[in-house]
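As structure tokens, the structure follows; a few thoughts come after it.
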Amino acid sequence: MRLADHRWEKACTGSDEFCANLGIGYAQGTFGAADQTKAVDLLARACHAGSGLGCFDLAVLATQGAKLPAGEPGMLDLLRQACDNDYAAGCQQLALRYSKGVGIDKGDAKAHDYGQRGCKLGLQEACTQ
């Protein structure tokens, strides 16, 4: 591990959003070759610390086939955690899934509720759910 990587990961301890962004960087290969294992670890840490961004991006990696650690919630629960932590895209994705019945029982009332939560958090696309 390069010294810069170590310093960034140490900073991750103090900021859940920084940790989430660091995880995204590893997932996208910003620091060289993409490292899904490191990305999942950092995003899970961020999610557990209350980062809606971390939960959302961990859910995205799960849909792309990333192996989540044992005991980690599934993709839908990660989206719920993202929404509960005021990450609008998590609410919007739940609204879409409920409205279309994708991976979950269709529920128009829940789709509307999650869409409105995303809308109130400022995501315009969620306002039409």
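Among residues of the stretch 1-59 being hydrophobic (A, V, I, L, M, F, W, C) and more than 18 Å from the chain's Cα centre (by Cα), the one that is modelled with the lowest pLDDT is 3. Counted as qualifying within the stretch 47-122 are the helices (runs of 4 or more DSSP H) with 2 or more residues that are in contact (Cβ under 8 Å) with a residue 24 or more places away in the chain and closer than 18 Å to residue 12 by Cβ, namely 52-63. Return a yes/no flag: does the stretch 15-29 have any residue that is β-branched (Val, Ile, Thr) and touching a residue at least 24 places away in the same chain (Cβ under 8 Å). Yes, some residue in the stretch 15-29 is β-branched (Val, Ile, Thr) and touching a residue at least 24 places away in the same chain (Cβ under 8 Å).
Would you mind stating whether residue 38 is of a type in the set (D, E, K, R) and over 18 Å from residue 24 (Cα atoms)? In short, no.
The values are calculated or read from the model by the stated rules, or taken from the named source; none is laboratory data. Everything numeric in this text was worked out from a predicted model, so none of it was measured. FYI the Cβ positions are ideal-geometry reconstructions off the backbone, even for glycines, and counts take in every protein chain you see.
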